[in-house]
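Reviewing the structure listed below.
Coordinate-derived values only; no laboratory data. Quick caveat: nothing in here was measured; it's all calculated off a predicted structure. In this analysis, Cβ positions are derived from the backbone assuming ideal geometry, glycine residues included, and neighbour counts consider all displayed protein chains.
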Amino acid sequence: EEASAIRTARLERDPLGIVPVDARRLYGPQTERARANFPLTGIVIGDFPELLVALAQVKKAAARVNGRIGDLPADVADAFIQACDEIIAGQHHDHFPVDACQGGAGTSTNMNANEVIANRALQLLGHDMGDYARVSPNDHVTRKQSTNDAHATAVRLAVFALNGRLMAASERLAAAFGERSLAFAAVRKLG
């Protein structure tokens, strides 16, 4: 599959030069570089749907505001919102291949999301993926956001979303301990 991906690559440019990206993927050059630079655990951010949903929620909120105040054309803001809604609904999660452990305090995760949203928006608007002069991950998707804010907010939202599952599991564990304490109440124990 890797050799096939090279034959079907689109060539994209980032500040470091030209990067071949699998033409079937919604991510772009910064994500591709992160894949190459941080192959640390084999566990990718796409394995954490709550984080992807939270990132999309942050990006959707920014697109709404930027569209409302005129910092994004309405059609672009709407395309970003639709792309985010698709991610929130569970689509495109396989386009998040960045390792969960990475350098840069979440920059690669943030850029992976920006590139997926930008490329999906380009498709929705009838343009080719990678046409970042029209819709840019750096200049449009992440407008008025910094990685330090967007990523940290998304992590907090994901933890909040997961907290309900943790609480339910904790309650089941407490109930199991209670049941076991009754079941073994008559058994003599040391210590």
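Just a few scattered comments:
- Bridgeable aspartates and glutamates around Lys60 (alpha carbons under 19 Å apart, same-chain partners fewer than 8 residues away excluded): Glu50, Asp71, Asp75, Asp78, Asp85, Glu86, Glu115, Asp139, Asp149.
- Taking every Cα-Cα distance in the range 104-191 and sorting them into 10 Å bins starting at zero, the pair-distance distribution P(r) comes out as 15, 26, 18, 13, 11, 10, 6, 1 percent.
- Charge dipole (the range 77-191, unit charges on Cβ, about Cα centre) - positive-most of Gly90, Gly104, Phe177: Phe177
- Comparing mean-square fluctuations of Glu115, Glu179, Glu50 from a GNM of the chain with C-alpha springs under 10 Å, the top value falls on Glu179.
- Environment charge at Asp47 (Cβ cut-off 12 Å; Lys +1, Arg +1, Asp -1, Glu -1): -3
- Dipole magnitude (debye, nearest 20) for the range 57-191, charges at Cβ of Lys, Arg, Asp, Glu: 860
- In this rough spin-label picture, where each label sits 7 Å from Cα along the Cβ direction, the Leu182-Leu162 distance is 3.3 nm.
- Two-decimal Rg to Rh for the chain - Kirkwood Rh, Cα set: 1.16
- Estimated [θ] at 222 nm from DSSP helical runs (n ≥ 4, -39500 (n - 2.57)) normalised by residues in the chain, nearest 500: -18500 deg cm²/dmol
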